[in-house]
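**Student:** The structure's right below; bear with me while I get my questions together.
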Amino acid sequence: MSETKTETASSPSPRRRRLLLIGILLLLGIFVIQMFREGLLWFNMPSRRKYPVRGVDASHYQGQMDWETIAGQNITFAFIKATEGSGTVDDCFAENWENARAAGLAVGAYHFFSFDSAAETQADNYCAVVPASENALPPVIDLEFYRSENLPETDEVRRNLRILLGRLRDAYGRKPIIYTTRACWTQYLKDTDLDYTLWIRSIFTEPSDDFEPQWTFWQYNPRGMLDGYTGGDVLIDLNVFRGTPEEFREYADSGSEE
């Protein structure tokens with residue numbers, strides 16, 4: 001007599017097993033996403049052998065900064081927010097500028113570019129706040145989309161960038177840096193004769209070599225975590241320099257790749 005196997009009441013059916021597996025995968029996915037959001041897990045980690053020169057960029061969002069502690073975590077440089085548009089000054093800039101330099105870091109100041117005000121007044125704002133200090137990194141223009149509608153015409157942005165780049169170079173004697181994303185670079189910077197050093201944000205992959213001019217700084221993690229700041233965001237932007245420590249020292253001393 002042939003025998004047939006029957007499923008016991010304690011054994012889940014194939015359908016229930018599939019649902020259980022789907023539930024576990026969903027929970028795992030939620031957990032991983034939360035880890036990314038909290039900055040506890042990151043997937044884009046540049047090789048320290050290839051990129052030994054590390055840095056941060058920071059603003060009042062990080063709260064009180066202990067720059068000696070930050071420098072002690074193999075951090076070589078810092079870009080600090082100074083101004084935004086034609087009238088905004090970061091509340092923590094002066095303190096961060098002084099203390100980061102005192103901690104032995106190579107320090108630069110960045111300006112958040114506004115699509116809504118004239119380049120001349122934006123330059124006035126930056127130059128009134130940022131000292132023309134010896135051994136400082138070049139001035140930085142942070143060019144990124146902050147709205148999704150009514151974006152200005154490409155020619156208008158390029159005209160304002162040309163004015164701002166020229167004003168900052170005249171004031172500080174160094175070729176400015178532009179920090180930007182691939183989308184913004186494609187819209188406003190690609191195939192132009194604007195003279196700048198490129199700092200590119202690329203959080204999923206290493207920047208490709210199709211950027212012209214080729215990138216010099218890379219923001220690889222906008223959700224990093226370090227010791228040394230309290231009272232603000234627990235996350236901080238992490239960056240690398242494209243070159244050796246010797247090449248960075250030469251760059252920092254000259255302020256230009258020329």
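**Student:** How do the peptides 169-180, 154-165 rank, highest first, by the average count of neighbouring beta carbon atoms within 10 Å per residue? Can you show the working numbers first?
**Tutor:** Details: 169-180: 19.8, 154-165: 16.5.
Taking the mean over residues of other Cβ atoms within 10 Å, the ranking is 169-180, 154-165.
**Student:** Could you give each residue of segment 93-102 its phi-based ³J(HN,Hα) in whole Hz, using Karplus coefficients 6.51, -1.76, 1.60 with θ = phi - 60°, and x for Gly or Pro?
**Tutor:** Listing the rounded values in order: 4, 4, 5, 5, 4, 5, 6, 5, 5, 5 Hz.
**Student:** Still on this structure: Helix 14-37: angle to the longest alpha-carbon principal axis of the chain, degrees 0 to 90, nearest 10?
**Tutor:** Once rounded, the angle reads 20 degrees.
**Student:** Can you give the charge dipole size of segment 48-254 about its Cα centre, rounded to the nearest 20 debye, using +1 on the beta carbon of Lys and Arg and -1 on the beta carbon of Asp and Glu? The partial results should precede the final answer.
**Tutor:** On the way: 20 positive and 33 negative charges, 100 e Å.
Dipole size: approximately 480 debye.
**Student:** Scan around SER133 for amide H atoms under 5 Å from its own, H built in the peptide plane at 1.01 Å from N, and keep only partners 5 or more places away or cross-chain.
**Tutor:** Correct list: empty.
**Student:** Using amide H atoms built in the peptide plane, which far-off residues or other-chain residues are under 5 Å from TYR229 H to H?
**Tutor:** Those qualifying (amide H under 5 Å, at least 5 residues apart or on another chain) are ASP66.
**Student:** ³J(HN,Hα) across segment 187-196 via Karplus (A = 6.51, B = -1.76, C = 1.60, θ = phi - 60°), whole Hz, x for Gly/Pro?
**Tutor:** My calculation for segment 187-196 gives 6, 10, 10, 5, 6, 10, 9, 4, 9, 7 Hz in order.
**Student:** Which net charge results for the neighbourhood of PHE112, defined as the other residues with beta-carbon distances under 10 angstrom from its beta-carbon, given Lys and Arg at +1 and Asp and Glu at -1?
**Tutor:** On the way: positive: LYS81; negative: GLU84, ASP90, ASP142, GLU144.
Overall, the nearby charge balance is -3.
**Student:** Now, a different point. Please list, in order along segment 64-81, the HN-Hα scalar couplings obtained from phi with the Karplus expression 6.51 cos²θ - 1.76 cosθ + 1.60 (θ = phi - 60°), rounded to whole Hz, x for Gly and Pro.
**Tutor:** 7, 9, 9, 5, 5, 5, 5, 4, x, 10, 6, 9, 9, 9, 9, 10, 10, 5
**Student:** What does the charge count near ASP91 come to, summing +1 for each Lys or Arg and -1 for each Asp or Glu among other residues with Cβ under 15 Å from its Cβ?
**Tutor:** Working: positive: LYS81; negative: GLU84, ASP90, GLU95, GLU98, ASP233.
Here the charged neighbours net out to -4.
**Student:** Follow-up. Rounded, prolate or oblate, given the Cα gyration tensor of segment 30-181, with a/c below 1.5 counting as rounded? Kindly include the intermediate steps, with their values, before the conclusion.
**Tutor:** Values: a/c = 1.84, a/b = 1.26, b/c = 1.46.
The shape class here is oblate.
**Student:** Based on DSSP H runs of at least 4 residues, each adding -39500 (n - 2.57), what is the mean residue ellipticity at 222 nm of the chain after dividing by all its residues, to the nearest 500 deg cm²/dmol? If you can, show how the numbers build up before the last one.
**Tutor:** Details: 6 runs with 79 residues, N = 258.
It comes out at -9500 deg cm²/dmol, rounded to the nearest 500.
**Student:** Continuing with this model, one more query. Give the relative contact order (percent, whole number) for segment 48-254; include only Cα pairs under 8 Å separated by 6+ residues. Don't skip to the answer; put the middle values down first.
**Tutor:** Details: 399 pairs, mean separation 52.9, N = 207.
It rounds to 26 percent for segment 48-254.
**Student:** Kirkwood-based Rg over Rh for the chain (C-alpha set), two decimals? Please list the in-between numbers first.
**Tutor:** On the way: Rg = 23.5 Å, Rh = 20.4 Å.
Answer for the chain: 1.16.
**Student:** What is the angle, in °, between the Cα long axis of helix 119-129 and the longest principal axis of the Cα atoms in the chain? Nearest 10 is fine, range 0 to 90.
**Tutor:** Orientation of helix 119-129: about 90 degrees from the principal axis.
**Student:** Amide H to amide H under 5 Å from ALA109: which residues, 5+ apart in sequence or cross-chain, H placed 1.01 Å off N in plane?
**Tutor:** Long-range HN contacts for ALA109: ILE80, VAL140.
**Student:** With angles folded into 0 to 90 degrees, how steeply does helix 154-172 sit against the dominant principal axis of the chain? Use alpha carbons for both and round to 10.
**Tutor:** Compared with the principal axis, the helix lies near 60 degrees.
**Student:** Restricting to Cα pairs below 8 Å that are 6+ residues apart, what does the relative contact order work out to for segment 186-241? Please round to a whole percent. Display every interim value, and only then the final one.
**Tutor:** Details: 73 pairs, mean separation 16.5, N = 56.
Relative contact order here is 29 percent.
**Student:** Arrange the peptides 144-150, 219-225, 238-244 so that the one whose residues have, on average, the most other Cβ atoms within 10 Å appears first.
**Tutor:** 238-244, 219-225, 144-150
Quick note: the coordinates plus some simple rules give every number you see, no bench work behind them. Please read these numbers as outputs of a predicted model, since none were measured by experiment. In this analysis, Cβ positions are derived from the backbone assuming ideal geometry, glycine residues included, and neighbour counts consider all displayed protein chains.
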